[in-house]
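Here the structure is laid out as structure tokens; the discussion comes afterwards.
The values are calculated or read from the model by the stated rules, or taken from the named source; none is laboratory data. Computed from a prediction, not measured in an experiment: that's the story for all the values here. Don't worry about glycine lacking a Cβ; one is built from the backbone with ideal geometry, like all the others, and counts go over all protein chains shown. Just so you know, the surface numbers come from the protein's heavy atoms only, side chains and all, with ligands and any DNA or RNA stripped out. Shrake-Rupley method; radii C 1.70, N 1.55, O 1.52, S 1.80 Å.
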Amino acid sequence: MIDKEEYNKLRQDAWNKALHSFGYGYIYTLRGGSLSKKLNLITFLGIIIPLLIGAIVTTYGVNSPLLFYMLWVAGPLSILQLAISVWAVVNNWNSSFAYYLETSLDNYKLANDYEEIGKYPDKTVIGLKTQLEKINVLRDNRDKQDNRYPLKDFEKRRGMRYALRKYKRDCAGCNIKPVSMRSSDCGVCGNF
């Protein structure tokens, strides 16, 4: 005989963990996107400045007055590019970017795995517990790794709003089902 109360509680736990994993995946995706733009800017400036100077020298010669003005523009941009590059190296942006991509994919996969359990659970309590335990081990490992790059409170609220919107659930704080990503005054799914 199946214990319906325990069975339903386990399924609800799977759905709750799917929601949280999806929210984490979203936040790390945002972080990765932000770093991607910065890394692309560094790369662009590192290529375009020498390329423009070389093109002017090749086209107009070394004595071109255009080269003089180009160097006046390129000098400060080169200094800016160098400063940003140093900052990126010191803060390990490339590693962080790779990690954010990895963890966002893992978190989305965990969300999908929990959803599958919520939608198509084993028919027994023991089987359902086993399904959850397998994914919980992966979730625990991911959480331990993600602690190296902890989320800020406003990011957690943004992730919660995104996940609540995806799963069409009411917020526990404001009892509203979010339909947009516009921030509200809620302490659970807003103020970001």
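Report, please, the projected area of segment 1-114 averaged over directions, based on the convex hull of its C-alpha atoms, in nm².
With every direction weighted equally, the projected area is 9.5 nm².
Less than 17 Å from a label point 7 Å out along the Cα-to-Cβ axis of D122: which backbone N atoms in segment 1-45 qualify, by residue?
Answer for segment 1-45: 1-15.
Please give the charge dipole size of the chain, origin at the Cα centre, charges +1 on K and R Cβ atoms and -1 on D and E Cβ atoms. Round to the nearest 20 debye.
420 debye
Per the Debye formula with a single identical scatterer at each Cα and no solvent contribution, what log10 I(q)/I(0) holds for segment 1-41 at q = 0.17, 0.18, 0.30, 0.31 Å⁻¹?
Calculated log10 I(q)/I(0) at the listed q: -0.59, -0.61, -0.90, -0.92.
Apply the membrane-span-like helix rule to the chain: whole DSSP H runs, Cα extent along the own long axis of at least 15 Å, mean Kyte-Doolittle hydropathy at least -0.5. List the helices found.
4-60, 65-90
Rounded to the nearest 10 Å², what accessible area does K109 show when all protein chains are kept and the probe is 1.4 Å?
My reading of the accessible area for K109 is about 110 Å².
Starting from the coordinates of the alpha-carbon atoms of segment 81-183, obtain the Kirkwood hydrodynamic radius over all distinct pairs and give the value in Å to one decimal.
That comes to 16.5 Å for segment 81-183.
Report relative contact order for segment 50-192 in percent, whole number only (criteria: Cα-Cα under 8 Å, sequence separation at least 6).
Relative CO of segment 50-192 lands at 13 percent.
Per the Debye formula with a single identical scatterer at each Cα and no solvent contribution, what log10 I(q)/I(0) holds for segment 51-122 at q = 0.20, 0.26 Å⁻¹?
-0.87, -1.05
Normalise the Debye intensity by I(0) for the chain, one equal point scatterer per Cα, no solvent, then take log10 at q = 0.09, 0.14, 0.16 Å⁻¹ and round to two decimals.
-0.52, -0.87, -1.01
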